[in-house]
Amino acid sequence: MSALASTVATPGHAEIVAADGATVLRIAGDWTLAHYLALAAQVEALRTHIDEVERIDVAALGALDTAGARLLHVLLGSGRLAALAADGAALSAGRRALLRAVGDALEAREAAAPSPRRSAVGDVLEHVGRTMGIFWRHIVGLAGFIGLTLETALRVLLQPRRWRLTALAANLEKTALDAVPIVALLTFLVGAVVAFLGATVLADFGASIFTVDLVAFSFLREFGVLLTAIIVAGRTASAFTAQIGSMRANEEIDAIRVLGLDAMELLVLPRVAALLLALPMLSFVAMIAGLVGGMLVCMMALDVSPVMFLSRVESNVALRHFLIGIAKAPVFAFLIAVIGCLEGMRVAGSAQSVGEHTTSAVVQSIFIVIVVDAVAALFCMEMGW
Amino acid sequence: MSNVIEVRGVRNQFGAQVVHDRLDLDVRRGEILSIVGGSGTGKSVLLRTIVGLNRPAAGSVRVFGEDLLTLPVARRAQIERRFGVLFQKGALFSSLTVAENVALPLLEHAGLPAAQAAELAALKIALAGLPANAGDKYPSDLSGGMVKRAALARALALDPDILFLDEPTAGLDPIGAAAFDQLILTLRDALGLTVFIVTHDLDTIYTITDRVAVLAQKRLLVNDSLEVVAATDDAWIREYFHGPRGRAAAEAARPGLAQENP
């Protein structure tokens, strides 16, 4: 039992003395966690002489807890400890039960084989190998999931009765309408920043009017859709993963399958479809907001009036730039939605897993959006579009 | 027998909903006390109130003769260190291995070096009945029963005087639950613990508890030995102890009790 507040605490102590012609191990004081370090040192010193001991005197033993009992086990060894635990005259029943329990527990532990030590280099190699394996399975899994989504989509497309319009509308509201303020505000600000950059750099060449072209080109071709995709990846991919993942952790996905329904059709398709509609619309909003931001800076810093800004955009910027920009939106939308849903499906049971997969979904979808955008930019450049 | 916990006139409420009102409870040294009551009667709230996770709106909670609610923070923390709490779902830190979970309070409070703390943690893990290799595992790799045992090992880390168990056998299979009950009994006898159990498990109540406290109507209806409680004239208690499950648990426990106390 642990030391009680009322009893006077005396630090534990052990010594080997000669008394009545016999070598006696005298154990006294409190053998508790509070005195553990001091006791451990004494035990270490006395251990080597323990074989000389003929009798153990525990009459002055104060409090004893499991930590103290462990030290007694170290000091006496299991044989002597068992003998002490069996000695009804020396110790109370509670003490003996404690010594027995600790002795048995340590015995069981010693009996079990220790786990083999591993080398650091081996660990690193193993980790690299495992990570490569995981990465490969990831890609295969993503490809499989894309295929499954497309297959389900084609199947459902032919049967209008199975279109989940309510789910689609709900997801559309959450992914498109609710995202409009943040997308518009952020792209407005970036539009203003791009215009400032253009105004500063191009003024040196006396070409500050080309700021208009810079803002229009960058937002119609790239920034409008790219910024929106990144915001949506952070906002919506994570939401998809968290929603489906918590359903998965709650066994709801299993329940859907057991009820003979299709989780792809019920959960994934409405989300993918909603984002396919939402991202082009949001990209359009982003382009307008970016242009407005640029226009405002042009008006204030360069004395380019909005009318002049717009007429220059109309005469200098071809429609194909807008089309190239907006054409990327559905591709990004599909990738973001599929990654978000797939990571949700991969959640395994715990809340921690939901968190891990949500992070992973955001990282993956931003990564893939930027990679695909870069590839598309190169492609368009080579094609002369 | 002296009381280690004395709860007097405690009132707990969340918004307009009153959970406890003028609730009194005594826990005696060295006993295993089970708290039973229907869902929503505030069993876990009572546990949380005693261990200091929930501050009651009124009343006092005296532990080891000191009023926890009026003590300075440092003294209170000292007393709370003598509590071991097993949460319903284990509440093991998921980023640490089982051994690290158990060693954490030893490192933080007892100030032991890492090697010594690891040795003591291994002892607690063995005392809780886990195999030696369980120490290196993460909580997510453990089964429900092992999580409870690992959480028990952590609760025992600082050699507490009072062990609080919140539904210790919930979610365990009957064999695992019976083994856990026996483990608690063994530890109580060996370590001289006082054990406070919140439970729904009739088998636990019949096999290991010394006294039963029934929570109903915002108060403690009765707090006495099982025979007295079971004989209390109250509709809920009658249904609880003399319903089909209660009878089965009673019959299952009787030969067991007879063998233990010949």
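Estimated from helices alone, the mean residue ellipticity of the protein assembly as shown at 222 nm is -19000 deg cm²/dmol (sum of -39500 (n - 2.57) over DSSP H runs with n ≥ 4, per residue). For segment A:132-383, relative contact order (Cα pairs under 8 Å, six or more residues apart, normalised by length) works out to 32 percent. Build a GNM of chain A with springs between Cα atoms under 10 Å apart, and of A:A374, A:A170, A:A86 the one that fluctuates most is A:A86. Spatially close Lys pairs in chain B, defined by Cα atoms under 28 Å apart and a spacing of eight or more places or different chains, total 11.
The alpha carbon gyration tensor of segment A:13-111 gives principal lengths a ≥ b ≥ c with a/c below 1.5, which makes the shape rounded.
The convex hull defined by the C-alpha atoms of segment B:180-220 has an orientation-averaged projected area of 3.2 nm². Taking a straight line from the alpha carbon of A:K328, these lysines sit under 28 Å away, with near neighbours fewer than eight places off in the same chain left out: A:K174. Taking the C-alpha atoms only, the angle from helix A:269-302 to the longest principal axis of chain A is near 70 degrees. Computing FRET efficiency as 1/(1 + (r/R0)^6) for B:R219 and A:E54, where r is the C-beta to C-beta distance and R0 is 56 Å, gives about 0.40.
Overall shape: oblate for chain B, with the ratio a/c of the largest to smallest alpha carbon gyration tensor axis at 1.5 or above and b/c at least equal to a/b. Taken along the Cα-to-beta-carbon direction at a fixed 7 Å, the label points for B:H200 and A:S119 span 5.4 nm.
Note on chain B: with a GNM built from Cα contacts shorter than 10 Å, the maximum mean-square fluctuation among B:S225, B:S95, B:S60 falls on B:S95. Among A:I50, A:A22, A:L61, whose Cα sits farthest toward the positive end of the charge dipole of segment A:13-111 (+1 at Cβ of Lys/Arg, -1 at Cβ of Asp/Glu, about the Cα centre)? My answer, from the dipole projection, is A:L61. The phi torsions of segment B:197-205, fed into the Karplus equation with coefficients 6.51, -1.76 and 1.60 and a -60° offset, translate into couplings of 10, 9, 8, 10, 7, 5, 5, 4, 4 Hz, rounded to whole numbers, with Gly and Pro shown as x. Rounded to whole Å, give me the distance from the Cα center of segment A:156-178 to that of segment B:78-148. Comparing the Cα centres of segment A:156-178 and segment B:78-148, I get a distance of 49 Å.
For B:V222, the amide hydrogen comes within under 5 Å of the amide hydrogens of B:V214, counting only partners 5 or more places away or on other chains and with H modelled in the peptide plane.
Averaging 1/r over every pair of different alpha carbons in chain A and inverting the result gives a Kirkwood radius of 27.4 Å. Given R0 = 41 Å, the distance between the Cβ atoms of A:F379 and B:K137 translates into a calculated FRET efficiency of 0.25.
Given axes a ≥ b ≥ c from the Cα gyration tensor, I'd like to know whether segment A:266-330 is rounded (a/c under 1.5), prolate (a/b larger than b/c) or oblate. Because a/c hits 1.5 or more and a/b exceeds b/c, segment A:266-330 counts as prolate.
Relative contact order of segment B:9-140, taken over Cα pairs closer than 8 Å and 6 or more residues apart, is 18 percent. For the options A:G141, A:G122, A:G198, a Gaussian network treatment of chain A with springs between C-alpha atoms closer than 10 Å singles out A:G122 as fluctuating the most.
Near the amide H of B:F164, within less than 5 Å, lie the amide hydrogens of B:G84, B:V85, B:L86, B:F196, all on another chain or at least 5 residues away, with H placed in the peptide plane. Pairs of Cα atoms nearer than 8 Å and 6+ residues apart set the relative contact order; for chain B it is 23 percent. Near the amide H of B:I32, within less than 5 Å, lie the amide hydrogens of B:V195, B:D210, B:R211, all on another chain or at least 5 residues away, with H placed in the peptide plane. Across segment B:53-69, computed HN-Hα scalar couplings (Karplus, 6.51 cos²θ - 1.76 cosθ + 1.60, θ = phi - 60°) run 8, 9, 8, x, 6, 7, x, 9, 10, 9, 10, 6, x, 10, 7, 4, 6 Hz from first to last residue, x flagging Gly and Pro. 3J(HN,Hα) along segment B:90-104: x, 6, 6, 6, 6, 8, 10, 6, 4, 4, 5, 4, 6, 6, 3 Hz, from the Karplus curve 6.51 cos²θ - 1.76 cosθ + 1.60 with θ = phi - 60°, whole Hz, x for Gly and Pro.
Just so you know, all these numbers are worked out from the coordinates, no wet-lab data involved. This one's a predicted model, so the numbers in the text were calculated from it and none came from an experiment. As a convention, Cβ positions derive from the backbone with ideal geometry for all residues, glycine included, and neighbour counts pool all protein chains shown.
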